[in-house]
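Asks: Quick one: the structure is below, and I'll ask about it shortly.
The values are calculated or read from the model by the stated rules, or taken from the named source; none is laboratory data. All of these numbers come straight from a predicted model, not from anything done at the bench. A quick note on method: Cβ atoms are made from the backbone with ideal geometry, for glycine too, and the neighbour counts reach across all protein chains shown. The protein model used for the area step is the full one, side chains on, heavy atoms only, and it has no ligands, DNA or RNA in it. Shrake-Rupley method; radii C 1.70, N 1.55, O 1.52, S 1.80 Å.
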Amino acid sequence: MACRLLFGACQMEYSITHEEFHRFRTLIYNESGIALSEQKQSLLASRLSKRLRDLGLETFSEYYDHVMSDPSREEFTRMLDLISTNKTDFFRESKHFDYLRDRILPELEQEKRIRIWSSACSTGEEPYTIAITLFESVKNPAQWDFKILASDLSTRVLAKAAAGTYDEDRFRGVPPEVVRRHFLRGRGVRTGLFKAKPHLAATIQFRRLNLMDERFPIKTPLDLIFCRNVMIYFDRPTQERLVNKFYRYLKPGGYLFTGHSESLQWVDHPFKAWAPTIYRKEC
Ligand SMILES: C[S@@+](CC[C@H](N)C(=O)[O-])C[C@H]1O[C@@H](n2cnc3c(N)ncnc32)[C@H](O)[C@@H]1O
C-alpha cells in the first residue's frame, strides 16, 4: 500500500499488479462493454482502494474473488459506479430536446402517441427532461399517450432516478416556472428538495437493463432512443453491435440520439445520419 496525501490526511492506496488489472479489465469489458485502456491501471487502483479498505480486504485479488462470489451482482454494480461516471444534468445537450419539440412531436400530431427509451439514464435527469419536454410542447397533453422507458446498468443510480427527488441546485438553468409545473417543492425537513409530480412520474418506467444484452424486453417499436454519453466508454465493435441492436427496436422513421461527442462516423450501421448526433431509421 502506498500513502497519498489528501487534504493533509494520509490515504492508503492499494497497489494493483498488472495481472490483477487485466482480470478486472476483462471482467468489466465482458459484463458492461466498458473498455479500460492500459493507462487506466493506477486510476482503477485509486478508485477502488477505499472499497477494499471498507471491506477489510488486503489485495485486489481478494476483492476480485469478492465481486465474483456475489450472485446478486450488487458488488459488481458498486464497483462499476466507482470507476464509471454517472454525470448528467437536466436539459443536458439541449438541442436534442428542441428537436423533439420542433420536429418529432409535430410529426406525431395525428397519432398523439410516442414511445421513447432513455437507455443509459443515470440518476434520471435525462428521462425527466424528456417528460418535461413532452408536457411543455404539445397543446393538450391529456389527449396524448406518452411513455418513456428509462434504464441503466446501475441499480444505485436507478433508485435515485425512480425516487425523482432532486436538490434545488440541480435545476440551475431551468426556468423556475417550468420546475414549478412539474416538481413539488419540499417543506420542513425536505426544504430545498423537489419531487417529480405524479403526471411526470407516471410517464416513466424505470428498469435495470444492460446495453450488452442480446435482447431487450421491449415489445412496442420505439419512436426515439436516447443513448447519450455512454458509448464513449465502449470500443468500436461494441458500439457497432449496440447501434445495430437499437435499429431493430425502432419504428421505420424512428430516431437515435447520441451524445454530442459520440459520432457514429466510424461505425458500420444502417441509420441515415440526419443531423449532428441524430440518426434516423429509413421509413
Ligand atoms: C455519463 S452517464 C450518461 C447519463 C445520460 N445519458 C446523459 O447523457 O446525461 C452514463 C451511464 O451509463 C451507464 N452504463 C454504463 N455501462 C452501461 C451498460 N452496459 N448498460 C447500461 N448502462 C450502462 C452508467 O451506469 C451511467 O449511469
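Asks: Would it be correct to say that Thr238 is within 20 Å of Ala131 (Cβ to Cβ), at pLDDT 95 or above, open to solvent by less than 70 Å² (accessible area, probe 1.4 Å) and hydroxyl-bearing (Ser, Thr, Tyr)?
Replies: Numbers: within 20 Å of Ala131 (Cβ to Cβ): no; at pLDDT 95 or above: yes; open to solvent by less than 70 Å² (accessible area, probe 1.4 Å): yes; hydroxyl-bearing (Ser, Thr, Tyr): yes.
In short, no.
Asks: Identify, from the list Ser72, Ser119, the residue that is touching a residue at least 12 places away in the same chain (Cβ under 8 Å) and under 24 Å from Tyr29 (Cβ atoms).
Replies: Numbers: Ser72 fails: touching a residue at least 12 places away in the same chain (Cβ under 8 Å).
Answer to the selection: Ser119.
Asks: Look at the stretch 92-115 and say how many of its residues are open to solvent by 50 Å² or more (accessible area, probe 1.4 Å) and within 12 Å of the ligand (Cβ to nearest atom). I'd like the intermediate steps shown before the answer.
Replies: So the first thing to find is which residues in the stretch 92-115 are open to solvent by 50 Å² or more (accessible area, probe 1.4 Å), and the list is 92, 94-95, 98, 101-103, 106-107, 109-111, 113.
Next cut, within 12 Å of the ligand (Cβ to nearest atom) only: 92, 94.
Number of matching residues: 2.
Asks: Moving to a separate point now. Quick test of your reading of the structure: Tyr29 fulfils all but one of (1) surrounded by 15 or more Cβ atoms within 10 Å (Cβ to Cβ); (2) of a type in the set (Ser, Thr, Tyr); (3) away from the ligand (no atom under 16 Å from the Cβ); (4) under 25 Å from Val230 (Cα atoms). Name the failing condition by number.
Replies: (3)
Asks: Still on this model: Which of the numbered conditions does Leu100 fail, given that it passes all the others? Conditions: (1) outside the structural domain of Phe24 (by TED's automatic domain parsing); (2) in a loop (DSSP other than H, G, I, E, B).
Replies: For Leu100, the failing item is (2).
Asks: Output yes when any residue across the stretch 174-192 is under 19 Å from Asn86 (Cβ atoms) and in contact with a helix residue (DSSP H, G or I) (Cβ under 8 Å, 6 or more places away or on another chain), and no when none is. Write out each step before concluding.
Replies: Applying the first criterion (under 19 Å from Asn86 (Cβ atoms)) to the stretch 174-192 yields none.
No, there is no match, as no residue in the stretch 174-192 is under 19 Å from Asn86 (Cβ atoms) and in contact with a helix residue (DSSP H, G or I) (Cβ under 8 Å, 6 or more places away or on another chain).
Asks: I'm told Ala45 meets every condition in (1) in contact (Cβ under 8 Å) with a residue 24 or more places away in the chain; (2) within 16 Å of the ligand (Cβ to nearest atom) except one. Can you identify the failing condition by its number?
Replies: (2)
Asks: I would also like to ask the following. For the list (1) more than 23 Å from Asp169 (Cβ to Cβ); (2) surrounded by 13 or more Cβ atoms within 10 Å (Cβ to Cβ); (3) away from the ligand (no atom under 16 Å from the Cβ), I need the number of the one condition that Glu136 fails.
Replies: Among (1) more than 23 Å from Asp169 (Cβ to Cβ); (2) surrounded by 13 or more Cβ atoms within 10 Å (Cβ to Cβ); (3) away from the ligand (no atom under 16 Å from the Cβ), the lone unmet condition for Glu136 is (1).
Asks: I need the full set of residues from the stretch 176-219 which are within 16 Å of the ligand (Cβ to nearest atom) and of a type in the set (S, T, N, Q), in order please.
Replies: Within the stretch 176-219, the first condition is being within 16 Å of the ligand (Cβ to nearest atom), and the residues that meet it are 204-218.
Across the stretch 176-219, the qualifying residues are Gln205, Asn210.
Asks: If I go through the stretch 170-204 residue by residue, how many of them are under 20 Å from the mean Cα position of the chain (by Cα) and part of a helix (DSSP H, G or I)?
Replies: 4
Asks: Sticking with this one: Could you check, for the stretch 116-129, whether at least one of its residues is farther than 29 Å from Arg215 by Cα, among the β-branched types (Val, Ile, Thr) and open to solvent by 10 Å² or more (accessible area, probe 1.4 Å)?
Replies: So the first thing to find is which residues in the stretch 116-129 are farther than 29 Å from Arg215 by Cα, and the list is none.
No, the stretch 116-129 has no match at all.
One line per residue, one yes/no per condition, for (1) at pLDDT 95 or above; (2) open to solvent by less than 90 Å² (accessible area, probe 1.4 Å); (3) assigned by TED's automatic domain parsing to the domain that holds Pro127; (4) among the aliphatic types (A, V, I, L, M):
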{"position": "Pro141", "(1), (2), (3), (4)": "yes, yes, yes, no"}
{"position": "Lys147", "(1), (2), (3), (4)": "yes, no, yes, no"}
{"position": "Ser151", "(1), (2), (3), (4)": "yes, yes, yes, no"}
{"position": "Thr155", "(1), (2), (3), (4)": "no, yes, yes, no"}
{"position": "Ala162", "(1), (2), (3), (4)": "yes, yes, yes, yes"}
{"position": "Asp169", "(1), (2), (3), (4)": "yes, yes, yes, no"}
{"position": "Pro175", "(1), (2), (3), (4)": "yes, yes, yes, no"}
{"position": "Val178", "(1), (2), (3), (4)": "yes, yes, yes, yes"}
{"position": "Phe183", "(1), (2), (3), (4)": "yes, yes, yes, no"}
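Asks: Here's a follow-up. What about Asp89, is it closer than 27 Å to Asp169 by Cβ, charged (D, E, K, R) and either more than 15 Å from the ligand (Cβ to nearest atom) or open to solvent by 20 Å² or more (accessible area, probe 1.4 Å) (or both)? Outline the logic, then answer.
Replies: Working: closer than 27 Å to Asp169 by Cβ: yes; charged (D, E, K, R): yes; either more than 15 Å from the ligand (Cβ to nearest atom) or open to solvent by 20 Å² or more (accessible area, probe 1.4 Å) (or both): yes.
For Asp89, the condition - closer than 27 Å to Asp169 by Cβ, charged (D, E, K, R) and either more than 15 Å from the ligand (Cβ to nearest atom) or open to solvent by 20 Å² or more (accessible area, probe 1.4 Å) (or both) - is met.
Asks: If only one of Thr220, Thr238, Thr277, Thr258 is β-branched (Val, Ile, Thr), in contact with a Ser or Thr (Cβ under 6 Å, 6 or more places away or on another chain) and either touching a residue at least 60 places away in the same chain (Cβ under 8 Å) or not assigned by TED's automatic domain parsing to the domain that holds Ile104 (or both), which one is it? Reasoning before the result, please.
Replies: Numbers: Thr220 fails: in contact with a Ser or Thr (Cβ under 6 Å, 6 or more places away or on another chain); Thr238 fails: in contact with a Ser or Thr (Cβ under 6 Å, 6 or more places away or on another chain); Thr258 fails: either touching a residue at least 60 places away in the same chain (Cβ under 8 Å) or not assigned by TED's automatic domain parsing to the domain that holds Ile104 (or both).
Going through Thr220, Thr238, Thr277, Thr258 in turn, just one is β-branched (Val, Ile, Thr), in contact with a Ser or Thr (Cβ under 6 Å, 6 or more places away or on another chain) and either touching a residue at least 60 places away in the same chain (Cβ under 8 Å) or not assigned by TED's automatic domain parsing to the domain that holds Ile104 (or both): Thr277.
Asks: Something else now. Could you count how many residues in the stretch 56-86 are in a helix (DSSP H, G or I) and open to solvent by 60 Å² or more (accessible area, probe 1.4 Å)? Steps first, answer last, please.
Replies: Pass one, the stretch 56-86, residues in a helix (DSSP H, G or I): 60-68, 74-83.
Cutting the leftovers down to open to solvent by 60 Å² or more (accessible area, probe 1.4 Å) gives us 62, 65-66, 68, 74, 78, 82.
Of the residues in the stretch 56-86, 7 are in a helix (DSSP H, G or I) and open to solvent by 60 Å² or more (accessible area, probe 1.4 Å).
Asks: Let me ask you something else. Considering only the stretch 104-134, how many residues are in contact with a strand residue (DSSP E or B) (Cβ under 7 Å, 6 or more places away or on another chain), part of a helix (DSSP H, G or I) and within 17 Å of Pro221 (Cβ to Cβ)?
Replies: Result for the stretch 104-134: 1.
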